[in-house]
Amino acid sequence: MPTTEICIVPLVPNADVGDPQAEGAKTFKAFTDTLGQQSGVQGIKFGMEHENADTLQVFIDWDNIDKHKDFMASETYQPFRQNFSSIMAGPPTIFHADMQGSPSKAYGAPVTEVATFWFDGAPPADYIDGATKFGKLIEESKFAGYHGLAVGVTHEELEREGVKGQAAVAIIGWDSVEKHMEFRNTDAFKENIHLLRSSMKKVEMHHVAVMSVAL
């Protein structure tokens with residue numbers, strides 16, 4: 001199972017990574033070009049947060065976390081990071097998770113919900129099973145606009161507002177942000193959301209229109 005590096009990157013205003021003529025886009029292309037050349041990289045996806053237009057989300061699939069660590073220890077890494085930092089407004093948030101379920105469906109949707117759940121210590125031992133069941137129950141409800149769900153537990157301990165431990169990350173594909181909000185009013189959501197929120201202490205959620213980098 002590949003490991004997904006999840007990066008949340010605040011960008012300087014007007015970085016315009018989606019405009020091929022902009023300097024920010026050229027810097028981002030150099031970033032993805034270098035990543036794509038690394039041993040163990042299976043895929044790179046990215047998009048801007050719907051809720052914050054200056055925040056870039058990047059998903060990098062590695063063979064395993066050790067492949068990313070090897071890259072970080074290489075001579076290539078520091079110049080790579082320094083070049084990309086020219087369009088960063090602050091330090092990125094980076095963590096890793098082994099995503100289980102239907103990541104291709106979640107990423108391939110017009111909009112991908114990215115939800116992170118913080119726990120004291122770690123999620124319950126059966127958390128992944130419960131979250132996967134939540135995805136299956138949405139499918140069974142026949143809700144129009146749902147594409148798929150994947151979920152993983154972070155390799156790292158993360159901290160948010162005093163809550164520290166391994167977090168869980170769910171990515172869920174929707175036709176649109178509006179369809180996601182519509183789903184929150186259904187019985188399928190109200191009766192089963194506990195499967196995602198089980199014993200969590202904090203949550204953060206945003207949406208991204210995900211695009212893939214050609215490798």
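All of the numbers you see were taken from the coordinates with simple rules; none came from a lab. Fair warning: this is a prediction, and the values are worked out from it, not measured in the lab. Ideal geometry is used to build each Cβ from the backbone, glycine not excepted, and the neighbour counts take in all protein chains shown.
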- Message: Beyond a 24 Å Cα-Cα separation, which of these cross-linked pairs lie in this structure: Lys45/Lys142; Lys142/Lys179; Lys45/Lys202; Lys29/Lys67; Lys45/Lys67; Lys136/Lys179?
- Response: Lys45/Lys142; Lys45/Lys202
- Message: With an 8 Å Cα cut-off and a minimum separation of 6 or more residues, compute the relative contact order for the chain in percent.
- Response: 27
- Task: Calculate, in nm to one decimal, what Lys26 and Leu137 gain on full extension: separation in residues at 0.36 nm each, minus their alpha carbon distance.
- Result: 35.7 nm
- Message: On C-alpha positions alone, give me the angle between the axis of helix 23-36 and the longest principal axis of the chain, in degrees, nearest 10.
- Response: 80
- Query: How far is helix 127-141 tilted off the main Cα axis of the chain, in degrees rounded to 10, range 0 to 90?
  - Reply: 70
- segment 3-97 - Debye-derived log10 I(q)/I(0), Cα point model, q = 0.14, 0.17, 0.21, 0.23 Å⁻¹: -0.48, -0.72, -1.11, -1.31
- Given the convex hull over the Cα atoms of the chain, what projected area results after averaging over all orientations, in nm²? 11.8
- Under Karplus coefficients 6.51, -1.76 and 1.60, residue-wise ³J(HN,Hα) of segment 59-68 in Hz, glycine/proline x: 10, 10, 8, 10, 3, 6, 5, 5, 5, 5
- Note on the structure: Expressed in nanometres to one decimal, the distance between label points 7 Å along Cα→Cβ at Arg197 and Ala73 is 4.3
- Message: Using a 7 Å offset from the Cα along the Cα-to-Cβ direction at both Glu51 and Ser85, what is the distance between the two label points in nm, to one decimal?
- Response: 2.8
- Note on the structure: Sequence order, segment 117-122: Karplus ³J(HN,Hα) from phi using 6.51 cos²θ - 1.76 cosθ + 1.60, θ = phi - 60°, Hz rounded, Gly and Pro as x, gives 10, 9, 10, 7, x, 6
- Could you tell me which GluC sites (Glu not before Pro) in segment 129-215 are loop residues by DSSP with no more than 14 other beta carbons within 10 angstrom of their beta carbon? Glu161
- Query: Residue by residue, what Karplus-based ³J(HN,Hα) values in Hz, rounded to whole numbers, does segment 87-100 have, using 6.51, -1.76 and 1.60 with θ = phi - 60° and x for Gly and Pro?
  - Reply: 10, 8, 8, x, x, x, 9, 10, 8, 10, 8, 9, 7, 10
- Could you work out the relative contact order of segment 100-207, using alpha carbon pairs under 8 angstrom and six or more residues apart, expressed as a whole percent? 44
